[in-house]
Amino acid sequence: VQLQAYGGGLVQAGDSLLLSCAASGRTFSVYSMGWFRRAPGKEREFVAAISRGGGSTSYADSVKGRFTISRDNAKNTVYLQMDSLKPEDTGVYYCAARPAYSSSSIYSGAYNYWGQGTQVTVSS
């Protein structure tokens, strides 16, 4: 599966952004999906994950209540709605897919396929 993330940009603290990740290749619904981010000078970290059917989601504590992950399997797309953005949310955001028919995971090493990343910058 090939992944293309987009929707990043420069926003102010308190603003919202919607990230999208379009998938091509094999049937999208067989993949559990995740969003990760890498802040400047830091390790890549988990942000959110969603199961193949979308019925199960998980979030990092730092984004819980502010970010929402969702997917539209008919459109081969997973989304990350980011509200109440903070400067510490700045980073490159990556979407990722687990091996087909696998459950979702919060661990980056469990994901086989990665998009190219989209930059999110939140100014104070």
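Overview of results
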{"quantity": "For the chain, accessible area per residue (1.4 Å probe, heavy atoms of protein chains only), Å²", "calculated": "48"}
{"quantity": "Derived scalar couplings ³J(HN,Hα) [segment 55-61; Karplus, 6.51 cos²θ - 1.76 cosθ + 1.60; whole Hz; x for Gly, Pro]", "calculated": "x, 10, 10, 9, 9, 5, 4"}
{"quantity": "Euclidean distance of C-alpha centroids, segment 72-113 and segment 7-64, integer Å", "calculated": "3"}
{"quantity": "Descending semi-axes in whole angstrom, ellipsoid equivalent of the chain, from the Cα gyration tensor", "calculated": "23, 14, 13"}
{"quantity": "Computed lengthening from residue 88 to residue 29, 0.36 nm per intervening residue step minus Cα-Cα distance", "calculated": "18.1 nm"}
{"quantity": "Karplus (6.51, -1.76, 1.60) ³J(HN,Hα), θ = phi - 60°, over segment 11-24, in Hz, Gly and Pro reported as x", "calculated": "9, 9, 4, x, 7, 10, 9, 10, 8, 10, 9, 8, 10, 9"}
{"quantity": "Protein accessible area in the chain, 1.4 Å probe - carbon and sulfur %", "calculated": "46"}
{"quantity": "Residues listed by number, segment 101-122, amide nitrogen under 14 Å from residue 38 label point at 7 Å toward C-beta", "calculated": "108-109, 114-120"}
{"quantity": "Inter-label distance, nm, simple model (7 Å from Cα along the C-beta direction), residue 70/residue 124", "calculated": "3.2"}
{"quantity": "Backbone HN-Hα couplings from phi across segment 95-104 [Karplus 6.51/-1.76/1.60, Hz, Gly and Pro as x]", "calculated": "9, 8, 10, 7, x, 3, 6, 8, 7, 6"}
{"quantity": "Candidates 77, 57, 27: whichever shows maximal mean-square fluctuation once the chain is modelled as a Gaussian network with Cα springs under 10 Å", "calculated": "27"}
{"quantity": "Qualifying chymotrypsin sites (Phe, Trp or Tyr not before Pro) in segment 39-106, DSSP loop, other Cβ atoms within 10 Å at most 12", "calculated": "101"}
{"quantity": "Coarse-grained scattering of segment 1-71 at q = 0.16 Å⁻¹, given as base-10 log I(q)/I(0) from a Debye sum over alpha-carbon atoms", "calculated": "-0.65"}
{"quantity": "Highest-fluctuation residue, 49, 96, 74 considered, GNM on the chain with Cα pairs under 10 Å", "calculated": "74"}
{"quantity": "Stretch gain in nm, segment residue 106-residue 56, where the contour uses 0.36 nm per residue and the Cα spacing is subtracted", "calculated": "16.8 nm"}
{"quantity": "Long-range amide H partners of residue 71 with built H, under 5 Å", "calculated": "79"}
{"quantity": "Net charge of neighbours whose Cβ lies under 11 Å from the Cβ of residue 113, counting Lys and Arg as +1 and Asp and Glu as -1", "calculated": "+2"}
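The values are calculated or read from the model by the stated rules, or taken from the named source; none is laboratory data. Everything quoted here is computed from the prediction, not taken from an experiment. Reconstructed Cβ throughout: ideal geometry from the backbone, glycine too, with neighbour counts over all protein chains shown. To get the accessible areas, we keep the full protein, side chains included, count just its heavy atoms, and leave off ligands, DNA and RNA. Shrake-Rupley method; radii C 1.70, N 1.55, O 1.52, S 1.80 Å.
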